[in-house]
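What follows is a set of notes on a single structure, which appears directly below.
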Amino acid sequence: MQVPFVDLHAQYLTISKEIDNAIRQVIEDASFVGGSRIEQFEKSFGAYINVKHVVGCANGTDSLEILLQGMGIGPGHEVLVPAISWVATSGAVSVVGAKPVFVDIDKDYYTMDPRLIEAKINKNTRAIIPVHLYGYPADMPAIMGIAKQYQLKVIEDCAQSHGAMINHTKTGNFGDAGSFSFYPGKNLGAYGDAGCMVTNDDALAEKIRMLANLGQKGKHNHLIEGRNSRMDTMQAAILQVKLPHLEKWTDLRRLHAEQYAKHLQNSRVALPVTEKDFHHVYHLFVVRVNNRPAVEKALAEQGVLTSVHYPCALPYLPCYQQYRHTPADFPVAHKYQHEILSLPMYAELTEEQIIYIADVIKKYT
Ligand SMILES: *Cc1c(COP(=O)(O)O)cnc(C)c1O
């Protein structure tokens, strides 16, 4: 049996007519940049997340950078980020001239451990970027409590958490702003790069909209300098087609997570742990094993493709060697980078495939 890690083509086949029509309409209108399709998608996504402002942009890295810029964060400032995430989270902080300060992750939930935040705060600290890693919400009640106490801004990195919730409130609503990616493999993915920023703050919304479109407020009225980070119109049209399917796809991801848990019970694999009221959207299904190289190899030989998110925790990447972090600085992230393994996860997966994967894993762990 062959099981790909993700199967974007299988998803396309389920919506191909709608997608083909949407793409053809954009071409026929020859309206490739800007236009009402962007506004329509921003409105639809805002209604889905239940947030006041959505500002489309080119990708989920720009969205982090623009939000930091919009909040006035730059040289001399420090921003707290989790020790495990995609490098865009910490990279955005450096790009605006500030310093990323890493916080170890919780040993059960993989998200920034709120108990370790206060020790990292000093007079230069301006913001926290919690990441809803793998689709599981970070502990926002605890993080917002600390942010309030120290008057820090909070940008939620929602690149992996479209539709994830705490007590029925969607991620993106807890902090001052949220940053989404629509990279093709994300839970809501475009057919190329795209991203957006969400906020309930009117002034911030106006500022980031200008920053993402060359500082313009209305055509040729450049109040500030900005960048060209517009969302592509073709991508907005594709996302508008896909958004109504997202809840169904999320439900299937959650069902597959249950099936994995069922078929891997009584195994030596550490399964994802979730709290009641924390709604996981399983962007990734990440387990931990002690003998990862052997398990990866066995699965690959049996036709099952896996991945690792991420093989090196952020503080130990070559690009951060100037900070001279040691394993003792982030013991959980340091240990887990060798144990985590992402199993195939997408709506079109079947229970038969999951049983097959679980059987291989049980045999080799
Ligand atoms: C994907 C991702 C990003 C960046 O999004 P792009 O659209 O690829 O730029 C940022 N943060 C996290 C946690 C991500 O997974």
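State which residue pairs qualify: first residue closer than 15 Å to Asp277 by Cβ and inside segment 162-175, second residue part of a loop (DSSP other than H, G, I, E, B) and of a type in the set (D, E, K, R) in any location, beta carbons under 6 Å apart, and separation of 6 or more residues or different chains.
Asn167/Asp277
What residue, among those in segment 167-184 that are of a type outside the set (S, T, N, Q) and under 22 Å from Asp104 (Cβ atoms), is farthest from the ligand (Cβ to nearest atom)?
Going through the qualifying residues, I end up with Phe174.
For segment 326-351, how many residues are among the charged types (D, E, K, R) and without any contact (Cβ under 8 Å) to a residue 60 or more places away in the chain?
1
Filter segment 36-74 for residues that are more than 16 Å from the ligand (Cβ to nearest atom) and either part of a loop (DSSP other than H, G, I, E, B) or charged (D, E, K, R) (or both) and give the result.
Answer for segment 36-74, where residues must be more than 16 Å from the ligand (Cβ to nearest atom) and either part of a loop (DSSP other than H, G, I, E, B) or charged (D, E, K, R) (or both): Arg37, Glu39, Glu42, Lys43, Asn50, Val51, Lys52, Met71, Gly72, Ile73, Gly74.
What are the residues in segment 140-166 that are in a loop (DSSP other than H, G, I, E, B), more than 16 Å from the ligand (Cβ to nearest atom) and under 30 Å from Ala58 (Cβ atoms), if any?
The one that is in a loop (DSSP other than H, G, I, E, B), more than 16 Å from the ligand (Cβ to nearest atom) and under 30 Å from Ala58 (Cβ atoms): Leu152.
For (1) surrounded by fewer than 20 Cβ atoms within 10 Å (Cβ to Cβ); (2) of a type in the set (Phe, Trp, Tyr); (3) touching a residue at least 24 places away in the same chain (Cβ under 8 Å); (4) on the phi < 0 side of the Ramachandran plot, each residue gets a yes or a no:
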{"site": "Ser16", "(1), (2), (3), (4)": "yes, no, no, yes"}
{"site": "Cys57", "(1), (2), (3), (4)": "no, no, yes, yes"}
{"site": "Ile73", "(1), (2), (3), (4)": "no, no, yes, yes"}
{"site": "Leu80", "(1), (2), (3), (4)": "no, no, yes, yes"}
{"site": "Val87", "(1), (2), (3), (4)": "yes, no, yes, yes"}
{"site": "Gly97", "(1), (2), (3), (4)": "yes, no, no, no"}
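When only residues in segment 280-314 that are in contact (Cβ under 8 Å) with a residue 12 or more places away in the chain and assigned to a helix (DSSP H, G or I) count, which is nearest to the ligand (Cβ to nearest atom)?
Leu314
Do we find that Lys276 is assigned to a helix (DSSP H, G or I) and either under 30 Å from Val93 (Cβ atoms) or of a type outside the set (Phe, Trp, Tyr) (or both) in this structure?
In short, no.
Residue under question is Val33, and the condition is that it be at negative phi, among the aliphatic types (A, V, I, L, M) and either within 16 Å of the ligand (Cβ to nearest atom) or more than 18 Å from the chain's Cα centre (by Cα) (or both); does it hold?
Taking the combined requirement at face value, the residue satisfies it.
All but one of (1) within 11 Å of the ligand (Cβ to nearest atom); (2) buried (at least 24 other Cβ atoms within 10 Å of the Cβ); (3) more than 20 Å from Leu252 (Cα to Cα) hold for Asp193, so report the exception by its number.
That leaves (2) as the condition not met.
Quickly run through segment 265-295 and pick out the residues that are over 30 Å from Leu246 (Cα atoms) and of a type in the set (Asp, Glu).
Within segment 265-295, no residue meets the criteria.
How many residues, within segment 127-139, are more than 18 Å from Val101 (Cβ to Cβ), part of a loop (DSSP other than H, G, I, E, B) and within 11 Å of the ligand (Cβ to nearest atom)?
1
Read-outs: derived from the displayed coordinates by stated rules, not from any lab. The structure presented is a predicted model; accordingly, all values stated were derived computationally and were not measured. We place every Cβ from the backbone using ideal geometry, glycine too, and count neighbours over all the protein chains shown.
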